[in-house]
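Here is the structure we will look at, set down as structure tokens.
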Amino acid sequence: MTMKLAKTIAIALTAVAGFAGTAMGAGAAKHPMQMEWSFEGPTGTYDLASAQRGWQIYKNVCSACHSLKYFRFRNLAELGYEEDMIKAWAAEYTVVDGVDDAGDPKERNGLPQDAFPSPFPNPEAAAASNGGAVPPDLSLIAKARHDGPNYLYSLLTGYEDAPADHEAPAGKSYNPYFPGGNISMAPPLMEGIVEYEDGTAATEEQMAKDVVNFLMYVAEPKLEARHHMGLNVLLYLLVLVVVLYFSMKKIWKPVKEGKNFYKK
Amino acid sequence: MAEWIDAKPKNKAAAWLEERLPVIGLVNNVVGVDTPTPRNLNYWWNFGSLAGLMLVVQIISGIVLAMHYTPNTLMAFDSVERIMRDVNYGWLIRYMHANGASFFFIAVYIHILRGLYYGSYKAPREVLWMLGLVIFLLMMATAFMGYVLPWGQMSFWGATVITNLFSAIPVVGDSIVTLLWGGFSVDNPTLNRFFSLHYLLPFVIAGVVILHIWAKKVSDSGNPLGIDVKSSADQIPFHPFYTVKDAFGAAVFFAIFATFLFYMPNALGHPDNYIPADPLVTPGSIVPEWYFLPFYAILRSITFDIGIPFTDVVIIPAKLLGVIAMFAAILVLFFLPWLDRSKVRSGKFRPMFRWFFWFLVIDMVVLTIVGGKKPEGIWPVIGLIGTAYYFAHFLVVLPLLAKFEKTLPLPESIANPVVKAAE
């Protein structure tokens, strides 16, 4: 019975694993390149230097079109920035905050508690400036795609000339990682488009890697706390399992010896 | 059959209370921690208490989430992100609740399969079994409505697809759908009523769980040998023996749960649900949560109408037939005690039944896979075969087995599990 059971479970598990594997590769798009990320694995943490460079890319490049509505300037403190720097960055942006006495929208300089503002007043304006496609909010993008970080990296570095039999419509670029292949975002990263504050060479791959580290942090800011707590919880449960196992063996001893607990 | 036993508390205050309101006796008679229990329960018997524990986890984490969640189409998604980012330990509570649903289903599925293998549905436990199925149905409704609450793309489109199914019901279908929606599409009133019911149903489940446990107390636990308790030698007190065994099992189960919660909290979810709901954009494929996939596969496997041959008259359109098949897949389980008339309860002594049990398990795994695929190519065919086999198992195989299977000789007693034939 147990042999058969073990065998059946093994068969079932292989089937389920195969299923999960193929589900990932669903769709016509090219399978993302598999990169190594510091945040992966049970002890994974964010590569802060890379995420800081990614922030520089986001601020200087991506923010021209994309929004980050769940990311507040004050969150930059967790990436290792000082408060006065954060205040200064926030103040570079104007945000609409309520109305004045005449009923007109009131603008003010950004504060650390503000979310990173969208470059467009509304989705229609965003679509109008981008050939009809709305640049999506990027706050959760790293979790909103299958194999998120690898997909983002592949998408950002994967632009190439369309194959001869493929005609990209006007205003679209060819990118084999994007479902359908025609993306309304022109290649955003060009070698040397920014000069890194820390002197790292700004190659396309480097910038893509950095911005993915930043976007993953934005999507899952509590990852490090989660990994850390997980370790403690699992250690605790492990000890509990051992203690309970031996308690059980001890308590059950008379049962195994066939004792009748109801005999007067 | 258990007698009603009056509690006689030694403590004066407790005795005073018991005389006026016999709650201690009530709890003892319904749950009873020192109930005499078969001494041979194996680890498959752990999953009942595990399911109960997961219900508690879900209710507690759910109540905390409800303190921060806003059931409004304009704010629901934002409020969930607020929980994830700004509420203290909000990420912990939400990931616990989202993965907790999956682990609740894992525990319940194993619990049900255990019942199927060991014949736990047979007399005198038919009502116990059916109450369990009621819990299962309520869980499915609760989980479905819970998945709608974050108001992501899968929430919205899942709700649209599933509620639309009811429109297949003749005459009243459209009215039912309007009632579910609270209007003419999935919108704010839908979200509001789903939230209200999602909060209510777990307490209904808790009520049925109490009845389920009471029915177990009255009809006694089954056991792996499937034979009745013959004497007190077959039994041991529930506490401390099964309390410690359940606690050990729970610690192992929770370690697996914690591995998902802390290290792959989104593995069982769909990435599209991190995109806010958009009624104008249909996702590439709409897939329900994994625990619904076998039933979703059954639903989609029916692609043909039933009509009068050689005419265009359609009696049951494909869509309705699919819906009927999906609900029938669960309803058939209610009739199980009468479909399987074999005198022998446990699969241990049923050499042929055992094979068919594992075929059914494989069939369920196959249907799960089919449910996750787009209905193209070979998949609908496999889905149809899987569906046919599922029903054949209950409606054909089990009744025939009861007639023709040659069961093995049963042991003398639980305490003395040697085969009688040796006498």
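In segment B:243-252, of all residues being at the interface with another protein chain (Cβ under 7 Å from one of its Cβ atoms) and within 23 Å of the chain's Cα centre (by Cα), the one that is farthest from A:MET229 (Cα to Cα) corresponds to B:LYS245.
Figure legend. Inter-residue proximity from segment A:96-124: first residues of a type in the set (A, V, I, L, M), second residues in a loop (DSSP other than H, G, I, E, B) and open to solvent by 90 Å² or more (accessible area, probe 1.4 Å), beta-carbon distance below 9 Å, spacing 6+ or different chains. Indicated pairs: A:VAL96/A:PRO121.
Residues in segment B:135-175 that are open to solvent by 30 Å² or more (accessible area, probe 1.4 Å) and within 18 Å of A:LEU140 (Cβ to Cβ): B:TYR147, B:TRP157. Number of residues in segment A:19-67 that are in a loop (DSSP other than H, G, I, E, B) and at pLDDT 90 or above equals 22. Summed over segment B:44-73, residues that are within 19 Å of the chain's Cα centre (by Cα) and among the hydroxyl-bearing types (Ser, Thr, Tyr) total 1. Only residues that are open to solvent by 60 Å² or more (accessible area, probe 1.4 Å) and in contact with a helix residue (DSSP H, G or I) (Cβ under 9 Å, 6 or more places away or on another chain) were counted across segment A:159-189, and they come to 1. Taking segment B:139-194 as the region of interest, how many residues are more than 26 Å from B:TYR274 (Cβ to Cβ) and among the β-branched types (Val, Ile, Thr)? Total meeting the criteria: 6. Taking segment B:253-280 as the range and being more than 9 Å from chain A (Cβ to nearest Cβ), over 22 Å from the mean Cα position of the chain (by Cα) and either surrounded by fewer than 17 Cβ atoms within 10 Å (Cβ to Cβ) or β-branched (Val, Ile, Thr) (or both) as the test, the residues that pass are B:MET264, B:ASP278, B:PRO279, B:LEU280. Every condition in (1) closer than 30 Å to B:LEU41 by Cβ; (2) in a helix (DSSP H, G or I); (3) among the aromatic types (Phe, Trp, Tyr) is met by A:TYR262 except one, and the failing one is (2). What about A:ASN213, is it free of Cβ contacts under 8 Å to residues at least 12 places away in the same chain and assigned to a helix (DSSP H, G or I)? No; evaluated as a whole, the condition is false for this residue.
Which of the residues spanning segment B:301-312 are closer than 16 Å to B:LYS374 by Cβ and surrounded by fewer than 21 Cβ atoms within 10 Å (Cβ to Cβ)? Within segment B:301-312, just B:THR303 meets the criteria.
Filtering segment B:351-377 to residues that are on the phi < 0 side of the Ramachandran plot, modelled with pLDDT under 95 and either among the polar types (S, T, N, Q) or surrounded by fewer than 18 Cβ atoms within 10 Å (Cβ to Cβ) (or both) leaves B:LYS374, B:PRO375, B:GLU376.
Does segment A:78-92 include one or more residues that are at pLDDT below 95 and among the β-branched types (Val, Ile, Thr)? Looking for residues that are at pLDDT below 95 and among the β-branched types (Val, Ile, Thr), one finds none in segment A:78-92, hence no. Listed by first and then second residue, the pairs with beta-carbon distance under 6 Å, at least 6 apart or on different chains, first residue in segment A:246-264 and facing another protein chain (nearest Cβ under 9 Å), second open to solvent by 100 Å² or more (accessible area, probe 1.4 Å), form an empty list.
Inspection of segment B:244-262 identifies at least one residue that is touching a Phe, Trp or Tyr at 6+ places or on another chain (Cβ under 6 Å) and under 30 Å from B:GLN153 (Cα atoms). Among the residues of segment B:218-242, those that are within 26 Å of the chain's Cα centre (by Cα) and open to solvent by 30 Å² or more (accessible area, probe 1.4 Å) comprise B:VAL218, B:ASP220, B:PHE238. Selection over segment B:53-99 of residues that are of a type in the set (Lys, Arg) and open to solvent by 40 Å² or more (accessible area, probe 1.4 Å) gives a count of 2.
Here's the yes/no breakdown for (1) open to solvent by 40 Å² or more (accessible area, probe 1.4 Å); (2) more than 14 Å from chain B (Cβ to nearest Cβ); (3) touching a helix residue (DSSP H, G or I) at 6+ places or on another chain (Cβ under 7 Å):
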position	(1), (2), (3)
A:GLU191	yes, yes, yes
A:VAL194	no, yes, yes
A:GLU204	yes, yes, yes
A:MET207	no, yes, yes
A:TYR217	no, no, yes
A:LYS222	yes, no, yes
A:ARG226	no, no, yes
A:LEU231	yes, no, no
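Matching residues to (1) part of a helix (DSSP H, G or I); (2) among the β-branched types (Val, Ile, Thr); (3) in the same structural domain as B:MET264 (by TED's automatic domain parsing); (4) closer than 30 Å to A:LEU76 by Cα:
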residue	(1), (2), (3), (4)
B:TRP4	no, no, no, no
B:ALA15	yes, no, no, no
B:GLU18	yes, no, no, no
B:GLY32	no, no, no, no
B:GLY48	yes, no, yes, no
B:LEU55	yes, no, yes, no
B:LEU65	yes, no, yes, yes
B:ILE83	yes, yes, yes, yes
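The values are calculated or read from the model by the stated rules, or taken from the named source; none is laboratory data. Here the structure is a predicted model, which is why all the values come from computation and not from measurement. Ideal geometry is used to build each Cβ from the backbone, glycine not excepted, and the neighbour counts take in all protein chains shown. Areas reflect the complete protein model, heavy atoms only, side chains present, ligands, DNA and RNA absent. Shrake-Rupley method; radii C 1.70, N 1.55, O 1.52, S 1.80 Å.
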